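The values are calculated or read from the model by the stated rules, or taken from the named source; none is laboratory data. Fair warning: this is a prediction, and the values are worked out from it, not measured in the lab. Virtual Cβ from ideal backbone geometry, glycine too; neighbours counted across all protein chains shown. For accessibility, only protein heavy atoms count, side chains too; no ligands or nucleic acids. Shrake-Rupley method; radii C 1.70, N 1.55, O 1.52, S 1.80 Å.
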Amino acid sequence: MSLVRNVGTIGGLTALSRVFGFARDMLLARVLGAGAAADAFQLAFILPNTFRRLFAEGAFSVAFVPMYSHRLHSEEGEAAANRFANDTLSVFVWVLLGFSALAMLAMPGIVWLLAREYQEVPGKFELSVMLSRVTFPYLALVSLVAMLSGLLNARSRFAPGAFVPVLLNIVLITGLGAGFYIGHHGGSDADIATALAISVPAAGAVQLAYMVWAVRKAGVTLKITRPHFTPEVKRLGMLILPATFGAGIYQISQFVDTFFATSLPQGSLTLLKLADRLNQMPLGIVGIALGTAILPMLARHIQTGDTREAQRLQTNAVEMATLLTLPAAVALAICAPAFTTAFFVGGKMTANDGLIMGNIVMALVAGLPSYVLVKVFQPAFFSRSDTKTPVWIAAGALAVNIAINFYVVPRYGIVGLAAATAITSTLNVLTLYTVLQMRGWFHFTAKLGGRIARQLVATAAMGAVLWLIVPLMADRYGASVIERVWSLAALVGAGAFVFFAVAWIIGALDKDLIAQLRRKRPAKPVDLSE
């Protein structure tokens, strides 16, 4: 019940952020399309945003949260936890400022490494460098946000950290509004992209101010002092370095994808990132919510030696992940052309761009269950302070990803690039599970297997219905706003009704857990771990 409530809180606020993110990208598609300025901004946003995901949803949280939680529940309690947080903050601030300054100085080289082909388009490379320098300070600001979020997560206060992405999208939408005004009054696409880039660090400042307020409201007082490399801070650093790689294979692969995407025809990077917005909707809501909620809970069970509860927690997390991602992946794959046309086509975004984007979505969502299950399996390692194993697994998956890209990108273009990401993410999660089972840290049970099999049956029924319905409204997806809305609502409503109806009838849904939620009072947790 605690896991469900926490996932619900985080997932609900993340869903709100994704809605604002969708609105942002819909406006971006119409204002900039898939041209040179759009590609330049996407590259400039990828750099700090990928590190944001690594820190905010990955390395820092998985390393900091267990250490902070351990001190918070030790004999010294608050005093030890606050001392550790202050020491970490005092070192972390200077590391971030130094890294950001060096990166901004080296930005021409960084952009050349990722997008050297941009030099072939007059002004595109220079615009990319300038925009990247403008956006990169966001990394330092949002990394501090990640630390404060981790501190509150360890205290089971998940709402503030889940809400801060909403602020990012609100500020970026404001920046797009300013860009639209500039473009309406004769400004170029480069001017619009610059206005949008400026809003990125501005959003980081707003997010940090909000998190400082949330931490103070929680009764925690932090201060920046002279840096002290205490044994705890050194240990944190040793855990962060491998966790940065191990927890962020999906994010690190984004750099690899960026390198290959920039070698393809103009607009490919923009189309890939806009298509990934559809993939990120369920990934962000389910994956981030599960990974964030399970880590501190799993760490507590492991520290107290309660392996049965640890197994039960992970089992229920896997069931929740598959229940939500299996139908989402199939629905997105079947409805991809409808979604991309209805959401993104218009203004400077052409119908052909929408069709290409739909194919990219189909390839990306093939790996959606794997993207989320990685978030479930990795905390089993991190809660035991084992960050090395996921590193080696991630390194192997990334090497395979690069090898596949060299084969598929020249032959299948941007769609092949997306498919390679899905394939290697699946390889990553299968390897993680194999190691967990070999070590006796987690195993699939017959009850869990039966529940997932029923989920697959319900998903197949939903897929068959959508397959029949989607072509019937083909001329509506690119029509007026009202026609787009009701046609997509019909698809979503029909798919959701069929899936949940079949799932309820055949037992794919946990009826006992639903009854507990409806009563809104604690009850004995359902156990699939036997």
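The portion of the accessible surface of the chain made up by carbon and sulfur, rounded to a whole percent, is 68 (1.4 Å probe; DNA, RNA and ligands excluded). Of the listed values (1) 64, 62, 43; (2) 65, 59, 48; (3) 88, 63, 47, grab the one calculated as Cα extents along the principal axes in Å from the structure here. Read-out taken from this structure: (1). Residues in the range 345-356 carry Karplus couplings, in order, of 6, x, x, 8, 9, 7, 5, 5, 4, x, 5, 4 Hz; the curve used is 6.51 cos²θ - 1.76 cosθ + 1.60 with θ = phi - 60°, and Gly or Pro positions show x. Reported to the nearest whole Å, the Cα centre-to-centre distance from the range 335-380 to the range 142-221 is 24. Rounded to the nearest 20 debye, the dipole magnitude of the chain is 1260 debye, with +1 charges on Lys and Arg beta carbons, -1 on Asp and Glu beta carbons, and the Cα centre as origin.
Using θ = phi - 60° in the Karplus curve 6.51 cos²θ - 1.76 cosθ + 1.60, the 3J(HN,Hα) couplings for the range 128-143 round to 4, 5, 4, 5, 5, 5, 5, 7, 5, x, 4, 4, 4, 5, 6, 5 Hz; x is entered for Gly and Pro.
Computed from the C-beta positions of residue 104 and residue 225 and an R0 of 35 Å, the FRET efficiency is 0.85 to the nearest 0.05.
Helices in the chain, meaning DSSP H runs of at least 4 residues, each add -39500 (n - 2.57). Divided by all residues, the mean residue ellipticity at 222 nm is -28000 deg cm²/dmol. Solvent-accessible area per residue in the range 83-162 equals 39 Å², computed with a 1.4 angstrom probe and all protein chains kept.
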